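Take a look at the structure below.
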Amino acid sequence: MSYQGFINCLSKEEQDFYEIKNAAAEFYRVNRVPEAIETALNELFLHKPGDVHGYLANYFANLSAPPTISRLKGREVYDTRGQLSIEAEVFCIICDKEKSMSSAAVSSHCVPKETSLDWKAKTQERADHVRTAIQWIGEPLNNLLKGRNPCDQSEVDQALSDFFMARYLEEKDVRNREKEESRPSSESEVVVLPSAPPAQAKDKKSLDKAKKSTTAEKPFPPAEPPEPVLPGSLAIGSVSLAVAKAGAQLQGIPLYKYIAALKNRETPAQFHIPISLVTLLSCGKTSPGKLSLLEEIILIPKAGQRVKQIVTMTLELQKEMMRIMNISTKAGATQAILHDSGAPAVSYERPEQPLDLITEACTNLGLALGTEIHLAVNCAACELMDCSKGKYEVAAGVLKSPDELVDMYQTLISKYPAVVALINPFRREDIDQWEKLSNVIGDSCSLLFDVTYKSKTPPPLGVRGRILKHIHETTVSDLVRIASEHQGSVLMGTACSEPCSNDSFSDIAVGLGLDYVKLGGLSGAERMTKYNRLISIEEELAQQGILVSKEKHSPPLFTDKLQKQPTAAEGTLSHKA
């Protein structure tokens, strides 16, 4: 009987069942299911595991297709300052099921301390940025990354960077067109004639005096216009970090080992913990006193100490400083409040006062200032410039020109040799003063520059270290690249507007192999979460026998020769234009 005759003899139900059996057999044959099952059963028999089904589940899980990103989700969250931010969540298809793998949020730009009207405008601007970021995640980025391998970080980050660059160029084109349209026509241009000589300079003597004073004064360099933050840029950094966390989870390793493997092409045999720089005091513009210059005074512990030891020592030092302030009858230090940095903000009038307080507290505790511990000062000078007068307001009513500020720093470092680093002592525009200060104190004190905010120009001459922050469109691959290009001169620092519970920061610093990390003061969940994670990583590495202590040279903070000045492209953190 022919095959067709055999089929015709069957009922309709039997024919359908027979066809299904044939289709199933063909499906199993094409996908080599019988061979896989036979091999699995042979392996099962050889091992004779106690959990038979668990063994089979793991066996076939290893044969499953690689995980792929199925979708992204963005949601509004609040940061530590109560400002709107975003969190990106990554979903993957694993063993033919969708799972939520990880979520992440990165910091955004600081909110300036301005008038209430400006504050409202900035808050609205921030909300617009967050909404745009969620829109990016919800559709274009979701479509862009769907189906990609979450463990291929470089490919994912390249796609994110290309997307951002396309949006950036579009926005730049719009701004250029608006500038062109706002320019006055040639007919309406106003010709400005040279002004007449001043009345008091009519005689020759006065004219000579005016001419001399004019030629002696060097033009005050105006502030560079800040590079606008592209709305939606938060989506890029958040998605990149979320994908990295998913990749680490899928590979069954901690995030710091995953990032170390990205940087070194393989997981290193040994790790070291970056030295924690802890904010001791804040004396900046938002502090209660008149002093504005010292935004932060930062403790630099001796290399080789465990993170717990550093935290304990800092807490004891702060307690002693508070005790001294409470019983002191000296001028200044009349009150202390908790600053956004997580450290006490004290009321002082002169920069020597907080340094004297720290010196006295160290003496009382038997801490050798300048040996066991050193200090760094975050000057945050760009916030102190009065552009109308061309001077820095170092304290209420006390103005200093850039050259006068050089002399002030030199005197301060001479009097307090334990200060081995100055962070942002000038604006970027004061190029001559950066170099001049480096020439006079560079042997004993490093000048550090915050390169977080994008710029097309390299750091000023004299800069020895760079402060790196993970914000906006900075991808994990960007962090790896920057740390590799400037090996030994990068310090990881927190931003002023941190996600509330983001311990990934500590993993990133360890994975990048940095020598120093600045986590802020010892107060607030957003900071203590990072310290606790650093302690946890340190204990984990010690238990595994792969923790090493990377001893540093004696101060200054970065002792190597000044790094090669980067090109305009290298001098940016995440600005790929």
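The values are calculated or read from the model by the stated rules, or taken from the named source; none is laboratory data. Everything numeric here is computed off the predicted structure, so don't read it as measured data. With ideal geometry, Cβ positions are generated from the backbone for all residues, glycine too; neighbour counts draw on all protein chains shown. What goes into the accessible areas is simple: the full protein's heavy atoms, side chains included, and nothing from ligands, DNA or RNA. Shrake-Rupley method; radii C 1.70, N 1.55, O 1.52, S 1.80 Å.
Kindly check whether there is at least one residue in region 92-101 that is part of a strand (DSSP E or B), within 14 Å of Leu241 (Cβ to Cβ) and at pLDDT below 95. Yes, that holds for at least one residue. As a summary of the residue check, Ala121 satisfies the conditions (1) among the small types (Gly, Ala, Ser); (2) under 27 Å from Phe164 (Cβ atoms); (3) free of Cβ contacts under 8 Å to residues at least 40 places away in the same chain; (4) surrounded by 13 or more Cβ atoms within 10 Å (Cβ to Cβ) except for the one numbered (4). Phe426 falls short on exactly one of the conditions (1) crowded, with 23+ Cβ neighbours inside 10 Å; (2) touching a Gly at 6+ places or on another chain (Cβ under 9 Å); (3) touching a residue at least 40 places away in the same chain (Cβ under 8 Å), and that condition is (2).
Ile273 versus (1) in a loop (DSSP other than H, G, I, E, B); (2) under 18 Å from Gln543 (Cα atoms); (3) open to solvent by 30 Å² or more (accessible area, probe 1.4 Å): which is the lone unmet condition? The failed condition is (3). Taking region 242-270, which residues are under 30 Å from Ala343 (Cβ atoms), within 18 Å of the chain's Cα centre (by Cα) and surrounded by fewer than 24 Cβ atoms within 10 Å (Cβ to Cβ)? Passing the criteria: only Lys245. Taking the listed residues Ala88, Ala23, the one that is more than 37 Å from the chain's Cα centre (by Cα), among the aliphatic types (A, V, I, L, M) and either more than 30 Å from Arg126 (Cβ to Cβ) or at pLDDT 85 or above (or both) is Ala23, with no other qualifying. Cβ-Cβ under 9 Å, sequence separation 6+ or interchain: first residue in region 293-309 and more than 10 Å from Cys379 (Cβ to Cβ), partner β-branched (Val, Ile, Thr) and surrounded by fewer than 16 Cβ atoms within 10 Å (Cβ to Cβ). Which pairs? These pairs meet every condition: Lys302/Thr371.
Of the residues Tyr28, Tyr59, Tyr55, the single one that is closer than 22 Å to Lys97 by Cα, among the aromatic types (Phe, Trp, Tyr), modelled with pLDDT under 90 and open to solvent by 90 Å² or more (accessible area, probe 1.4 Å) is Tyr28.
Let's see how each residue does on (1) of a type in the set (D, E, K, R); (2) closer than 18 Å to Lys285 by Cβ; (3) modelled with pLDDT under 85:
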site: Ile310; (1), (2), (3): no, no, no
site: Ile337; (1), (2), (3): no, yes, yes
site: Arg350; (1), (2), (3): yes, yes, no
site: Leu357; (1), (2), (3): no, no, no
site: Gly370; (1), (2), (3): no, no, no
site: Ala381; (1), (2), (3): no, yes, no
site: Tyr392; (1), (2), (3): no, yes, no
site: Val398; (1), (2), (3): no, yes, no
site: Asp403; (1), (2), (3): yes, no, no
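Within region 518-536, how many residues turn out to be crowded, with 24+ Cβ neighbours inside 10 Å, modelled with pLDDT of 90 or more and either closer than 16 Å to Ile259 by Cα or in contact with a His (Cβ under 9 Å, 6 or more places away or on another chain) (or both)? Of the residues in region 518-536, 1 are crowded, with 24+ Cβ neighbours inside 10 Å, modelled with pLDDT of 90 or more and either closer than 16 Å to Ile259 by Cα or in contact with a His (Cβ under 9 Å, 6 or more places away or on another chain) (or both). Within the set of pairs 6 or more residues apart or between chains, which connect a residue that is at positive phi inside region 458-476 to a residue that is hydrophobic (A, V, I, L, M, F, W, C) and in a strand (DSSP E or B) with Cβ atoms less than 8 Å apart? These pairs meet every condition: Gly462/Leu447. For region 62-87, residues that are open to solvent by 80 Å² or more (accessible area, probe 1.4 Å), closer than 28 Å to Lys146 by Cβ and not charged (D, E, K, R) total 3.
Ala223 meets the stated requirement of being modelled with pLDDT under 90 and exposed (fewer than 13 other Cβ atoms within 10 Å of the Cβ). Across region 440-454, the qualifying residues are those that are in contact with a Leu (Cβ under 7 Å, 6 or more places away or on another chain) and either over 14 Å from Leu468 (Cα atoms) or part of a loop (DSSP other than H, G, I, E, B) (or both), and the one among them that is modelled with the lowest pLDDT is Lys454. Kindly evaluate Ile467 against the criterion of being farther than 18 Å from Ala105 by Cα, modelled with pLDDT of 85 or more and not in a helix (DSSP H, G or I). So Ile467 fits the description; yes. Only residues that are open to solvent by 20 Å² or more (accessible area, probe 1.4 Å) and under 15 Å from the mean Cα position of the chain (by Cα): list them for region 460-479, please. Hits for region 460-479 are Lys469, Ser477.
The single condition among (1) modelled with pLDDT of 85 or more; (2) under 30 Å from Lys146 (Cα atoms); (3) not aromatic (Phe, Trp, Tyr) that Leu44 does not meet is (2).
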